[in-house]
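The values are calculated or read from the model by the stated rules, or taken from the named source; none is laboratory data. Computed from a predicted structure; not experimentally measured. Cβ placement follows ideal geometry from the backbone for every residue including glycine, while neighbour counts extend to all protein chains displayed. Ligands, DNA and RNA are excluded from the accessible area calculation, which covers all protein heavy atoms including side chains. Shrake-Rupley method; radii C 1.70, N 1.55, O 1.52, S 1.80 Å.
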Amino acid sequence: MGWKGNFNNFSSSLAVFHSTSDLGAVQSFSNGLALTRTKEKVTGVEATFDYLDDANVWGTGGSVTWMKGRETPENGAEQDMPGFRIPPLKLTAYVSYSPTETWTNRLQATYFGSEDYRLNDATISGRADVKTYTTADLISSFALNKKDTVTIGLENMFNRKYYPLYSQLLRSGNNTSHLVANGATLKVTYSHKW
């Protein structure tokens, strides 16, 4: 179910979903794929909010995404689904500034919540105790003409050391291989619309 609305300078949306499956989905085990017959129930909510002033110069907004998943493996009891399938709470926020029609700047932050995916305190791939982290990015876009745009972005602008969700989920008592996220990264892209 979903709803989307525009009110003067505001726009927002809300989506709620619930899905069930008696047969499950393809899941990754030991670096391979296996079709498991696992009953699943997934519920989620996503909401967005945006504001743009009358002059189309300043804007702000954000989003919230939350999901919950339960599964019942063959010959097993119902349990929470692993982090590879169900991400933790995610919040985003941004402020934008457009001094001209062709130049847009955006400062954005993304927050990933903590979640304990372990079963009976056991840590295996996809079932770790995930810690929170927040990233911040600065993006500036220049429209050279109607078809060409140059974008300059500074990702992880505060050069914060953190482990992304996927890296945290790979950690276990037997496998400590994990990758830290990139530090501050400058990216320049060029796009052309044909």
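Inside the stretch 93-145, can you point out the residues that are more than 24 Å from K161 (Cα to Cα) and either in contact with a Pro (Cβ under 6 Å, 6 or more places away or on another chain) or aromatic (F, W, Y) (or both)?
Y97, W103, F142
Of the residues that sit in the stretch 101-129 and are of a type in the set (F, W, Y) and part of a strand (DSSP E or B), which one is surrounded by the fewest Cβ atoms within 10 Å (Cβ to Cβ)?
Out of the qualifying residues, it is W103.
In the stretch 67-81, what residues are open to solvent by 60 Å² or more (accessible area, probe 1.4 Å) and either within 18 Å of L169 (Cα to Cα) or among the polar types (S, T, N, Q) (or both)?
Once the filter is applied, which keeps residues that are open to solvent by 60 Å² or more (accessible area, probe 1.4 Å) and either within 18 Å of L169 (Cα to Cα) or among the polar types (S, T, N, Q) (or both), the stretch 67-81 yields K68, R70, N75.
Here is a yes/no grid of residues against (1) part of a strand (DSSP E or B); (2) open to solvent by 40 Å² or more (accessible area, probe 1.4 Å); (3) over 18 Å from F17 (Cβ atoms):
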| site | (1), (2), (3) |
| --- | --- |
| E46 | yes, yes, no |
| F49 | yes, yes, yes |
| N56 | no, yes, yes |
| G83 | no, no, yes |
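Quickly run through the stretch 85-100 and pick out the residues that are assigned to a strand (DSSP E or B) and over 13 Å from S63 (Cα atoms).
Matches in the stretch 85-100: S96, Y97, S98, P99, T100.
Quick check on this structure: which one of L169, L154 is in a strand (DSSP E or B) and in contact with a strand residue (DSSP E or B) (Cβ under 8 Å, 6 or more places away or on another chain)?
Only one candidate passes the filter, namely L154.
Please find, within the stretch 18-40, the residue that is modelled with the highest pLDDT out of those that are open to solvent by less than 90 Å² (accessible area, probe 1.4 Å) and within 14 Å of R70 (Cα to Cα).
Among those residues, the one meeting the criterion is S19.
Quick grid of which residues meet (1) part of a loop (DSSP other than H, G, I, E, B); (2) without any contact (Cβ under 8 Å) to a residue 24 or more places away in the chain; (3) open to solvent by less than 70 Å² (accessible area, probe 1.4 Å); (4) hydrophobic (A, V, I, L, M, F, W, C):
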residue: T134; (1), (2), (3), (4): no, no, yes, no
residue: I139; (1), (2), (3), (4): no, no, yes, yes
residue: N159; (1), (2), (3), (4): yes, no, no, no
residue: L179; (1), (2), (3), (4): yes, yes, no, yes
residue: G183; (1), (2), (3), (4): yes, no, yes, no
